[in-house]
Amino acid sequence: MQRKRWVHEKSGRTGYAITAIALLVVSVLGAVSFYQQSNVTTSEHATTRAIPLLNLNYLNASQAKEYGILGLLNVSSSSSGSSFDGSPGQTLQFPLTLSLTQFDSSMQSVIVSFKPTSGQEVVGAVDVSAQLSYSNSSVIVYSGRPVTVTMYFHVPINAVSSDFKLVPAGLLLTPPSGIALLIDTNFEGSLTA
Amino acid sequence: MKGATVLLLLVAFLLVGVLPVHANPYVGSYLSNSQSTSTSNFFGTSFTSTSASVIPSGDWIASEMGNAGTATTGSCPCFYQLGYIIDDTGNVAVTAQYWGPSGSLYSSQTNNVGSASSITLEGITEYVSGSGIQSKAFVYNTLTQYNNNSPNSYTFTAQSTGDTQFYYGTSTGCSSTLLGYQVGVESPTTVSSSSWYVWQNTMEVYTTSWIYQAGSSIEGNNSFFQCISGSAHDIGGAQMSGVSAVYTAANTVEWQYSGTTEGNNVALWSGSGGSTPYACQVSGRC
């Protein structure tokens with residue numbers, strides 16, 4: 001019994017020692033990390049808060065919620081990457097897929113209104129946004145239920161030959177805050193006069 | 001053992017509470033005059049010497065402008081970021097992010113506006129009467145576009161936050177030095193290769209004309225721009241170790257991974273001056 005008790009006590013002391021070392025290591029690492037992050041005299045600042053630039057391609061739920069983003073509206077296209085060729089007077093069509101990623105349960109849906117206005121997107125001498133229209137004036141996008149919309153680009157009569165890049169413009173979101181908008185299309189082609 | 005477990009939990013709790021939840025390495029420059037106000041802020045940048053292959057998969061490098069608004073009522077104090085992001089494939093995206101004390105007011109990003117070989121990328125954040133704060137990106141993808149001053153331009157929707165002006169220069173708040181206008185480089189992790197370069201130029205603000213002042217460096221753990229509810233807010237949150245200004249001239253700096261950390265408040269250029277930024281030389285654009 002005595003030997004068992006001695007073994008038990010020794011094992012307990014070893015456990016305490018390991019715990020103490022672990023605490024020491026964690027504390028030191030924490031302190032080093034804190035001073036690397038802040039590099040300020042802690043007594044000078046009650047608190048600090050970092051505002052990072054967010055790359056919406058890599059936005060995750062915890063990061064989004066930390067900065068008040070409740071949902072992400074992603075605009076993509078099955079035509080991304082394929083080249084287009086347009087001539088004056090022609091109307092080009094581009095399918096768009098709108099999908100809502102929900103970061104907070106309160107963000108069930110977003111209303112997307114399509115209201116391109118002159119000057120919003122200009123490519124060289126072409127006022128693109130003045131030549132853009134959409135198949136819908138507005139749509140409601142629910143989380144997990146993508147919506148397809150067609151974007152039309154009316155090539156101006158006076159367009160000159162050029163390489164051309166096109167981006168969906170004029171998307172207005174309701175609610176206007178709490179939703180991040182990621183336009184992830186890639187429409188490149190040429191206009192041939 | 002119970003006591004030790006409780007202590008361990010307490011330490012873990014304190015560490016979580018003390019450490020920033022999210023921080024990116026950042027280094028930038030600021031105009032080092034005493035604080036003043038502007039109605040438009042501008043910057044230019046390019047990644048033309050950057051080899052995107054050195055950017056690890058899933059990583060990226062941003063060249064960005066940060067602007068602190070002067071309003072303190074309603075949904076403000078507010079902060080406005082406009083940045084170009086190059087990823088590991090060489091694609092360049094542009095993003096506009098407007099922040100208020102309650103979180104993000106507005107965040108929009110457009111991918112595939114340019115590439116590592118884009119000639120130059122410029123941007124402006126300005127007050128538009130009757131609409132609010134608005135950002136515009138000017139992308140010169142080809143030399144022809146540059147020579148003709150005919151960029152692809154993208155306007156981010158104006159947000160009526162209450163701001164009509166921005167701070168530039170230095171002031172004090174939350175026992176910190178606040179830098180209202182900054183232009184810098186940010187990344188999720190420092191890309192430790194000497195084969196990336198970020199040019200930044202035309203750090204100008206509009207008062208009654210376009211001007212710049214002497215510029216100095218700032219790291220992301222000291223890049224405070226606003227004091228909100230007793231908390232000093234900074235850009236990125238961590239210093240960009242090993243990155244330094246490898247070239248400087250009036251109103252211009254080139255950042256590169258050199259193994260040397262730039263540090264804080266290092267003079268990058270002296271003197272003042274100003275001229276209309278290139279994109280704004282076309283009437284009605286800015």
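What follows is calculated from the coordinates using simple rules that are stated; it is not laboratory data. What you see is a predicted model, and the numbers here were worked out from it, not measured in a lab. Note: ideal-geometry Cβ built from the backbone for every residue, glycine included; neighbour counts use all protein chains shown.
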Please give the net charge around A:Phe187, taking every other residue with its beta carbon less than 13 angstrom from that of A:Phe187, where Lys and Arg add +1 and Asp and Glu add -1.
-4
What is the angle, in °, between the Cα long axis of helix B:2-18 and the longest principal axis of the Cα atoms in chain B? Nearest 10 is fine, range 0 to 90.
20
Could you work out the local net charge near B:Glu262, counting Lys and Arg as +1, Asp and Glu as -1, over the other residues with Cβ closer than 14 Å to its Cβ?
-3
Take the Cβ-Cβ distance between A:Ser133 and B:Ser283 as r, set R0 to 35 Å, and report the resulting FRET efficiency rounded to the nearest 0.05.
0.80
Across the stretch B:76-88, in residue order, what do the Karplus-derived ³J(HN,Hα) couplings come to in whole Hz, using 6.51 cos²θ - 1.76 cosθ + 1.60 with θ = phi - 60° and x for Gly and Pro?
10, x, 10, 9, 10, 10, 10, x, 9, 10, 9, 9, 6
Estimated D of the stretch B:84-146 in µm² per second, where Rh is the Kirkwood radius over Cα pairs and Stokes-Einstein applies at 25 °C, 0.890 mPa s:
187
Per residue of B:174-181, count partner chain C-beta atoms within 10 Å of its C-beta, then hand back the mean as an integer.
2
Averaged over all directions, how much area does the convex hull of the C-alpha atoms of the stretch B:84-213 cover when projected, in nm²?
10.4
Report the FRET efficiency, 1/(1 + (r/R0)^6), for A:Arg49 and A:Gln93, where r is their Cβ-Cβ distance and R0 is 51 Å, rounded to 0.05.
0.65
Take peptide B:150-158, look around each residue's Cβ out to 10 angstrom, count Cβ atoms belonging to other protein chains, and average those counts.
6
How much net charge surrounds B:Cys286 when only other residues with a Cβ under 15 Å from its Cβ are counted (Lys, Arg +1; Asp, Glu -1)?
-1
Distance from the stretch A:137-193 to the stretch A:67-116 (C-alpha centre basis), Å
6
If contacts are Cα pairs under 8 angstrom and at least 6 residues apart, what is the relative contact order of chain B in percent?
24
Per 10 angstrom bin, beginning at 0 and ending with the bin that holds the maximum distance, the Cα pairs of the stretch B:45-87 fall in percents of 24, 34, 22, 16, 4
For the stretch A:127-193, the percent of all C-alpha pairs falling in each 5 Å bin, from 0 up to the bin holding the max distance, is 3, 12, 21, 25, 16, 11, 7, 4, 1
Of B:Ser217, B:Ser117, B:Ser175, the one that fluctuates the most in a GNM where chain B has Cα springs shorter than 10 Å
B:Ser175
For labels at B:Asn33 and A:Ala61 in the simple 7 Å Cα→Cβ model, what's the distance in nm?
4.9
Only four residue types carry charge here, +1 at the Cβ of Lys and Arg and -1 at the Cβ of Asp and Glu. Report the dipole size of the stretch A:56-191 about the Cα centre in Debye, rounded to the nearest 20.
300
Restricting to Cα pairs below 8 Å that are 6+ residues apart, what does the relative contact order work out to for the stretch A:129-171? Please round to a whole percent.
46
Please work out whether the stretch B:27-281 counts as rounded, prolate or oblate from its C-alpha gyration tensor, where a ≥ b ≥ c are the square roots of the eigenvalues and a/c under 1.5 means rounded, while otherwise a/b larger than b/c means prolate and anything else oblate?
rounded
The stretch B:47-62-the stretch B:156-214 distance, computed between alpha-carbon centres (Å)
22
Comparing B:Thr73, B:Thr95, B:Thr276, which has the greatest mean-square fluctuation in the GNM of chain B with Cα pairs linked when under 10 Å apart?
B:Thr73
Evaluate the Kirkwood expression for the hydrodynamic radius of the protein assembly as shown, namely the inverse of the mean inverse distance over all pairs of different C-alpha atoms, and round to one decimal in Å.
23.7
For peptide B:244-250, how many partner chain Cβ atoms fall within 10 Å of a residue's Cβ, on average?
0
One can check that the equivalent ellipsoid of the stretch A:51-137, built from the alpha-carbon gyration tensor with semi-axes equal to the square roots of five times its eigenvalues, has lengths in Å, largest first, of 31, 15, 14
Fraction of antiparallel bridges per DSSP, the protein assembly as shown only, in percent to nearest 5:
85
Take the Cα radius of gyration of the stretch B:189-286 and divide it by 2.2 N^0.38 Å, with N its residue count; two decimals is plenty.
1.25
FRET efficiency for A:Val160 and B:Ser231, using Cβ-Cβ distance with R0 set to 45 Å, rounded to 0.05:
0.25
Run the helix sum for the protein assembly as shown: -39,500 (n - 2.57) per DSSP H stretch of 4+ residues, divided by residue count, reported at 222 nm to the nearest 500 deg cm²/dmol.
-4500 deg cm²/dmol
